[in-house]
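Quick notes on the structure that follows.
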Amino acid sequence: MTALSLKDLDISYGDTQITHKVSLDIAEGESFALVGESGSGKSTVLKAIAGLAPQWTGEIRVLGKARSHGVDRDFSRVCQMVFQDPYGSLHPRKTVDATLGEALTIHGIGDRNARVEEIMASVGLDRKFRFRFPHQLSGGQRQRVAIARALMLKPKILLLDEPTSALDVSVQAEILNLLKRLRREQNLTFLMVTHNLPVVSFLCDRLAVMRHGRIVEVASVDDLRRGDLKEPYSRELMQISAAHAT
Amino acid sequence: MATFRDWLIDDSPASPMQARLGRLYRIFGALMHNPLAVIGAIIIICLILAALFAPWLATHDPLRQALAERLLPPSAAHWMGTDELGRDIWSRVVYGARITLMIVALVAVLAAPAGLVIGVVSGYFGGWVDRILMGITDIFLSLPKLILALAFVAALGPGIENAIIAIAITSWPGYARVARAETLTFKNSEFIAAVRLLGASSIRVNLGHVLPLCTSSMIIRVTLDMAGIILTAAGLGFIGLGAQPPLPEWGAMISRGRSFILDQWWVATMPGFAIILVSLGFCFLGDGLRDVLDPKSGEQR
Amino acid sequence: MRPLLEIENLRVTFPTTRGDTDVVRGVSFTLGRERLGIVGESGSGKSMTGRSILKLVRAPGRVYADKLAFDGIDLSTRSEKQMRALRGARISMVMQDPKFSLNPVMTIGEQIAEALLTHKSLPRREVNDRVHAMLESVRIAEPERVARLYPHEVSGGMGQRVMIAMMLIPEPDLLIADEPTSALDVSVQAQVLDIIDELVRRKGMGLIFISHDLNLVSSYCDRILVMNTGEVVEECRAGELMNATHPYTRGLIASIPRLDETRDELPVLDRSAWAKA
Ligand SMILES: Nc1ncnc2c1ncn2[C@@H]1O[C@H](COP(=O)(O)OP(=O)(O)OP(=O)(O)O)[C@@H](O)[C@H]1O
Ligand SMILES: Nc1ncnc2c1ncn2[C@@H]1O[C@H](COP(=O)(O)OP(=O)(O)OP(=O)(O)O)[C@@H](O)[C@H]1O
Ligand SMILES: [Mg+2]
Ligand SMILES: [Mg+2]
C-alpha cells in the first residue's frame, strides 16, 4: 500500500508559487529521500504534508486518505515531523518530560510515566535526562528528544527535515543508526530531506532530486551507489559529493 | 544544608519539581552575584516587612492627632518628626508601606495578566485581531499615563480604589506591547510548529507554550514599571485624587507637607525619601532580573 | 611575513555551580593568509575558540591567552570599543545559527541594508541595488522577493547564505566561519565557498573554517586542526586528514557514511577506547 502519495502538488506562500506539479508515491515501510537545491522547496513539501503550509492545490493522500489543508488531531497520530534545527525545535522552558508528555495530554492518553520512559529508552536517552531543560542537553541529545516527541503518538510516517545536518559526524552516525533501527522495529515510513548523499545511501531506498520547485529525477539508491543518475543536475550533485570523499 | 544544595543543582533531577526549583535556584544564585539587584531586593524585602509588621514597627498611632506636638523636628520621641496635625511621621511612613504595597500588588495582578493575554492573542493570531487590539493599545499608549489616570479618577471619583483601577487601566497597554513583541519572535519557531503538529488547539499553544515564554520579560517589565506606578499613585495622592485623608499615603503626605517645605522640611521630605528608595529598589531589582532572565543571555546555552 | 593571527595558550573558562570548567584548554596556533579548518565533535570548543578571537564570549565566560594578536595588534588589551571597530571592518564572523543571529522581526533586505550602511554611506537608491546584487552573489534567485521576506520565511540554506553575504560586505582581513554551509546542497555550497576562496586569493584574507564535515574541510582548506574537549589533538595538512593517526580523528572519520554505503550500522565514537590510549 502507498503510505504517502502526492499528485500535482502546487504549494504557494502568498502570491509566490514554490513547487510545481510535485508527484510522488512512497510505499509503506519505505525510506524515501528528497534531495536538491537549497531553496527549491523541499522543506515546503514536508510542511504541506504536515499541514504547516496550508496553501496548496493538487492532492495529498496519506495511507489512502485525502489530506485536509490544516493541522488536525487525527492526522497527528498518523504522521509526525522532525525539524532540522535541534536547537530551535525544543521549547526552552520545558523539561524533556514535559515536551514528551505533551502529546499524551493533548490526546488524553494515560499511563504517561511508563510511556515517557519507554520512548526515552527506545531513542537511547538515559533516564537521568528526563527532567533536564534543553539548554542542559547536547545537540545530539536534543535531536533524540525531538525524534522521541515525534514517535510519542506512534505514527506510521515520519517526515524528517535534515535531521542530522546540524550535528557532528559521530552524533550523526548515532542518530542515523537510531533511525534505521526504529524504522525496522516499528515499520515506519520515512520521507527525509537531506543534502548529504552518503546519508541517503545509508538510510534510504529511493530518492527524488528537486530543483526550482520541480522533481527532476526519481531514482533508487542502488543507482546512486553505482553512480547511475540520469539528469545532469543529479549527476552534478553526485560528482561533487564523490569529489569530497576522496 | 550542603546536601540540599546538591539536590538543587543536580544535573539530572528526578522530578519536575526538582527541575523547576533547580532553575529557580540558579536564577537566584545569578541574581545574588549582582550587587545592585541585591540592594534592590533588600529594599523591597524591607518594604514588605514594614507593611507586614507595621503595628510593631510604628512608634505611634499613625492617625492620632496631637495638636500640641505639631511640626516637631526629628527627635528621639519622633524619629522623623511630626506633621501639621502632630501625627508621628515615622509611623505614618511605616503604615504607608501597606498602601504602597497594596497599590503595587493590585496593579500587577490586574494589569499584567490582562496585558499579557491581549499581547499574546494579538501577536499569535495577527491579521485583523492584531490590528484592532493594537489600535486600542496604541490609543492608550499615546496618552500620558498620569493624565489618563487623572481622567479616569475624575470620572470614577477620588479614592484609593479608583486610583488603583485607573493606574491598572493605564498600564496594561505597555505589557500588551511587550507580550506581543515577544510572541512575534517565538510564534514562527519550530517548537511551536511541533506542538501544533501534535494536534494542540490554539488555546493550548498560546496558554501552554507561548505565554510562559513571555513571562520573564513581563516580570522584568512589571518590576521596572513599579517605580512609575508608585510615582503615579503618589502623584494622584499629591493632587488629592488618590488616597483620601487621613490615610497615610506617601504622595498625599508630601502634598500636605509642601506648604511647610522651607521651615519644616521633614514633613514633605521623609515620605519623599520613602518613595525614592522604594522606586530605586524596584529599578535595581528589575535591572538585575533583566540580566538574569533575558532569554538571549547566559541561561539559554 | 608576519602571520595574520597568533594565538598561544588560549583558555576559555565558565564558572558553573560545581566550580570552573575549561571549555577551551590551551589552544595555540598561527594563521597566515590561508584557509584553516577546525573540526571536532559537538562541544569540543570550536565555536568558543572562534568567538574568543573576537572577544565575543559571553559573560560569565572568561578568556585568557598568553598571546592573542591579530596583524600585530594585541587583542587581549583592547577595549570593547576598540574591538567593535575591528569586528565589523577587519574581522568578521559567520555565526553558527543564522536563524538566531538574524533579527526575526526585520526583513532580510532591511538587515543587509543596515549592514551595508554601517560600513559605507550610500545614496538611498543604490542601497537597494547593492542588496539585490549581494543576494545574487550568493546564488539566491529572485533577490527582490527574498529581500522582502522575514528570516522565518527563507529556507535554512538561504539564511546561511544571507549571513555569509553580510559578513563579506566589509571585505575583512580575517573571516571566521562557524559551520557556514551545513544547510546547503553541495552544488550551492561549492559556489559559495568559491566566493570566499576568491577573497582569500585576491585579498589575502585569512579564513578559519569551523565545520563538522570532515570531507569538505579536507578538500577545501589548507590546514586542519582537530579539537576534542577543548584541546587540539591533531594538526595536519588538509590532504592528509584521511591518513590521520590519532584514534579520535580516526573514530570521527570512520563514522562518516560513504556514497556507496552498504554497512548496516555506522561505527560511533567509542570514547573509552581512545581516552585510555
Ligand atoms: N513562510 C514563507 N513565506 C514566504 N516564502 C516562504 C516561506 N517559507 C519558505 N518560503 C520560500 O519558499 C522557498 C522554498 O523554501 P524551502 O524552505 O522549502 O527550501 P528548501 O528546499 O528546504 O531549502 P533548504 O535546503 O535551503 O532548506 C524559498 O524560496 C523560501 O523563500
Ligand atoms: N554559557 C555557558 N556556560 C557553561 N558552559 C558553556 C556555556 N556556553 C558553552 N559552554 C560549553 O562550552 C563547550 C564548547 O562549546 P562550543 O560551542 O565551542 O562547542 P562546538 O565545538 O562549537 O560544538 P558544536 O559543534 O555543537 O557547535 C561546550 O561543552 C559547552 O557546553
Ligand atoms: Mg529546508
Ligand atoms: Mg559550535
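The values are calculated or read from the model by the stated rules, or taken from the named source; none is laboratory data. This structure is a prediction, so every number in the text was calculated from the model and none was measured. Here the Cβ is made from the backbone with ideal geometry for all residues, glycine too, and neighbour counts use every protein chain on show. The accessibility values were calculated without ligands, DNA or RNA, using every heavy atom of the protein model including side chains. Shrake-Rupley method; radii C 1.70, N 1.55, O 1.52, S 1.80 Å.
Scan region C:164-179 for residues that are within 14 Å of chain A (Cβ to nearest Cβ) and either assigned to a helix (DSSP H, G or I) or more than 16 Å from ligand 3 (Cβ to nearest atom) (or both) and jot them down.
Listed by number, the residues that qualify are C:Ile164, C:Ala165, C:Asp178.
Can you tell me how many residues in region A:13-27 are of a type in the set (Val, Ile, Thr), in a strand (DSSP E or B) and either more than 12 Å from chain C (Cβ to nearest Cβ) or under 22 Å from A:Ser241 (Cβ atoms) (or both)? Before the answer, list the steps.
First, the residues of region A:13-27 that are of a type in the set (Val, Ile, Thr): A:16, A:18-19, A:22, A:26.
In the following step, the residues that additionally are in a strand (DSSP E or B) were identified as A:16, A:22, A:26.
Imposing the further condition that a residue be either more than 12 Å from chain C (Cβ to nearest Cβ) or under 22 Å from A:Ser241 (Cβ atoms) (or both) reduces the set to A:22, A:26.
The qualifying residues number 2.
Being more than 12 Å from chain B (Cβ to nearest Cβ) and closer than 20 Å to A:Arg184 by Cβ is the filter here, so list the residues in region A:107-142 that pass it.
Answer for region A:107-142, where residues must be more than 12 Å from chain B (Cβ to nearest Cβ) and closer than 20 Å to A:Arg184 by Cβ: A:Glu118, A:Ile119, A:Met120, A:Ala121, A:Ser122, A:Val123, A:Gly124.
Kindly indicate the residue of region A:28-54 that is assigned to a loop (DSSP other than H, G, I, E, B) and more than 12 Å from chain C (Cβ to nearest Cβ) and also least open to solvent (accessible area, probe 1.4 Å) among those meeting that condition.
It comes out as A:Gly51.
Return the pair list, or none, for Cβ contacts closer than 6 Å from residues in region A:158-173 that are touching a residue at least 24 places away in the same chain (Cβ under 8 Å) and more than 12 Å from ligand 3 (Cβ to nearest atom) to residues that are aliphatic (A, V, I, L, M) and in a loop (DSSP other than H, G, I, E, B), at least 6 apart or on different chains.
Hits for this filter: A:Leu158/A:Leu188.
In region C:180-197, which residues are touching a residue at least 12 places away in the same chain (Cβ under 8 Å) and at the interface with chain A (Cβ under 7 Å from one of its Cβ atoms)?
Residues of region C:180-197 that are touching a residue at least 12 places away in the same chain (Cβ under 8 Å), as a first pass: C:180-185, C:188-189, C:191-193, C:195-197.
C:Ser182, C:Ala183, C:Leu184, C:Asp185, C:Val188, listed by residue number.
Among the residues of region C:13-40 satisfying the criterion of being among the charged types (D, E, K, R) and touching a strand residue (DSSP E or B) at 6+ places or on another chain (Cβ under 7 Å), which is nearest to ligand 3 (Cβ to nearest atom)?
The qualifying residue nearest to ligand 3 (Cβ to nearest atom) is C:Arg35.
Quick one: which strands (runs of 3 or more DSSP E) sit completely within region A:177-243 and have at least 3 residues that are away from chain C (no Cβ under 13 Å)?
Per the criteria, A:189-193, A:214-220.
Considering only residues that are within 21 Å of A:Met81 (Cα to Cα) and crowded, with 21+ Cβ neighbours inside 10 Å, look in region B:200-231 and name the one that is farthest from the other protein chains (Cβ to nearest Cβ).
Among them, the one singled out is B:Val210.
Which ones in region A:154-205 are over 15 Å from the mean Cα position of the chain (by Cα), more than 16 Å from ligand 4 (Cβ to nearest atom) and among the aliphatic types (A, V, I, L, M)?
Result: A:Ala173, A:Leu197.
Sort out which residues of region C:21-42 are within 14 Å of chain B (Cβ to nearest Cβ) and either within 25 Å of C:Leu193 (Cα to Cα) or more than 9 Å from ligand 2 (Cβ to nearest atom) (or both), and write them in order of number.
Residue satisfying the conditions is C:Ser42 alone.
Being in a helix (DSSP H, G or I) and more than 9 Å from ligand 1 (Cβ to nearest atom) is the requirement here; does C:Glu144 meet it?
Yes; evaluated as a whole, the condition is true for this residue.
Taking region C:206-222 as the region of interest, how many residues are more than 10 Å from chain A (Cβ to nearest Cβ) and more than 14 Å from the chain's Cα centre (by Cα)?
Adding up the residues that qualify gives 1.
Kindly indicate whether any position in region A:152-171 is within 14 Å of chain B (Cβ to nearest Cβ) and in a helix (DSSP H, G or I).
no
Can you tell me which condition C:Glu234 does not meet? The list is (1) more than 16 Å from ligand 1 (Cβ to nearest atom); (2) outside any loop (DSSP other than H, G, I, E, B); (3) within 13 Å of another protein chain (Cβ to nearest Cβ), and all the others hold.
(3)
Report whether or not C:Glu261 is open to solvent by less than 50 Å² (accessible area, probe 1.4 Å), in contact with a Phe, Trp or Tyr (Cβ under 6 Å, 6 or more places away or on another chain) and not small (Gly, Ala, Ser).
Judged against the criteria, C:Glu261 is a match.
Take the residues of region C:45-75 that are away from ligand 2 (no atom under 16 Å from the Cβ), touching a residue at least 12 places away in the same chain (Cβ under 8 Å) and out of contact with any Lys or Arg (no Cβ under 7 Å at 6 or more places or on another chain): which is farthest from the other protein chains (Cβ to nearest Cβ)?
Selected residue: C:Asp71.
Only one of A:Ile119, A:Ile109 is of a type in the set (Val, Ile, Thr) and in a loop (DSSP other than H, G, I, E, B). Can you tell me which?
Only one candidate qualifies: A:Ile109.
Restricting attention to region C:66-75, does a residue exist that is closer than 28 Å to C:Gly230 by Cα and either within 16 Å of ligand 3 (Cβ to nearest atom) or open to solvent by 80 Å² or more (accessible area, probe 1.4 Å) (or both)?
Scanning region C:66-75, I find at least one residue that is closer than 28 Å to C:Gly230 by Cα and either within 16 Å of ligand 3 (Cβ to nearest atom) or open to solvent by 80 Å² or more (accessible area, probe 1.4 Å) (or both), so the answer is yes.
Which helices (runs of 4 or more DSSP H) sit wholly inside region B:1-57 and have at least 1 residues that are at pLDDT below 90, under 23 Å from the mean Cα position of the chain (by Cα) and loosely packed, with under 13 Cβ neighbours inside 10 Å? Working first, answer last.
On the way: elements: B:2-9, B:16-32, B:35-52, B:54-57.
Here the list reads B:16-32, B:35-52.
Give just the number: which of (1) touching a helix residue (DSSP H, G or I) at 6+ places or on another chain (Cβ under 8 Å); (2) without any contact (Cβ under 8 Å) to a residue 60 or more places away in the chain does B:Gly157 not satisfy?
Against the list (1) touching a helix residue (DSSP H, G or I) at 6+ places or on another chain (Cβ under 8 Å); (2) without any contact (Cβ under 8 Å) to a residue 60 or more places away in the chain, B:Gly157 comes up short only on (1).
Would you confirm whether or not region B:101-116 contains a residue that is β-branched (Val, Ile, Thr), more than 25 Å from B:Ile165 (Cα to Cα) and either surrounded by fewer than 19 Cβ atoms within 10 Å (Cβ to Cβ) or touching a residue at least 12 places away in the same chain (Cβ under 8 Å) (or both)?
Checked region B:101-116: no residue is β-branched (Val, Ile, Thr), more than 25 Å from B:Ile165 (Cα to Cα) and either surrounded by fewer than 19 Cβ atoms within 10 Å (Cβ to Cβ) or touching a residue at least 12 places away in the same chain (Cβ under 8 Å) (or both).
Open to solvent by 10 Å² or more (accessible area, probe 1.4 Å), within 16 Å of ligand 3 (Cβ to nearest atom) and at negative phi: which single residue out of C:Val200, C:Val186 fits that description?
Testing whether each residue is open to solvent by 10 Å² or more (accessible area, probe 1.4 Å), within 16 Å of ligand 3 (Cβ to nearest atom) and at negative phi leaves just C:Val186.
Pull up region C:79-110, narrow it to residues that are more than 22 Å from the chain's Cα centre (by Cα) and not polar (S, T, N, Q), then point me to the one that is farthest from the other protein chains (Cβ to nearest Cβ).
In this case the residue turns out to be C:Lys81.
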